[in-house]
1. Return the ratio Rg/(2.2 N^0.38 Å) for the stretch 75-162, where Rg is computed over Cα atoms only.
2. Give the Cα extents of the stretch 144-186 along the principal axes, in whole Å, largest first.
3. Which pairs in the list 99/209; 99/138; 138/159; 102/144 are over 24 Å apart, alpha-carbon to alpha-carbon?
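Throughout, read-outs are computed from the coordinates displayed, never taken from laboratory work. Fair warning: this is a prediction, and the values are worked out from it, not measured in the lab.
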Amino acid sequence: MPTVYEVGKQYPDPEYPERPLPMSRHETSPTTLQRAGTNQRPNPCCFCWCCCCSCSWNEDRERAWRASRETKLETIPNCEACSKPTTDEVKGWAQSFDKLMKNPAGRNVFREFLRTEYSEENMLFWLACEELKSECNKQSIEEKARVIYEDYISILSPKEVSLDSRVREGINRKMQEPSPHTFDDAQLQIYTLMHRDSYPRFLNSAIYKSLVQSVSRSSSES
């Protein structure tokens, strides 16, 4: 029977909406269905199955799809509260990974990038460790350490982070009497992994480049 530390929680991979296909000639738009119920003559354009029709249902579907693909800080689940980054701050993230990770807005943007690579758990684990280190109450420390173990260390967890055997063995020993620093070695290992592996790709990503252009444009306009 698995112990309490081996109970994984379900965490589905982030899903992105597929691009909507044009309506076929056999589909009926919501507008058509609504009007049919009121015995009104449907607009012929509602039966258009080509994407070029400016008044077709396809246009609304296309706009909805594009909007869902936009990268916005407010769309990140449980993102950290932060102020809008300045142009210097955003450009500074390319100079140092430490600058990026010390800035709440930087962490939010980097976290959104990690979501696209299905490795958001690395940032979530790092943030959970930071929160644990700021805890003083013994009972809260034990509870948070248990949650961190179940969510990110247990081999049964879908959010398990990649750690070597030495670090895992050390965590298992420390979990007998959890402290705010139980996961320090693991946190450093994940920090190094994000720095060496994900950070270079982040700087070349559309997410970061579009943000740089956005803040630069806003700065020039003001």
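1. Here the answer is 1.21, to two decimals.
2. Result for the stretch 144-186: principal-axis Cα extents of 25, 22, 14 Å.
3. Over 24 Å apart, Cα to Cα: 99/138; 138/159.
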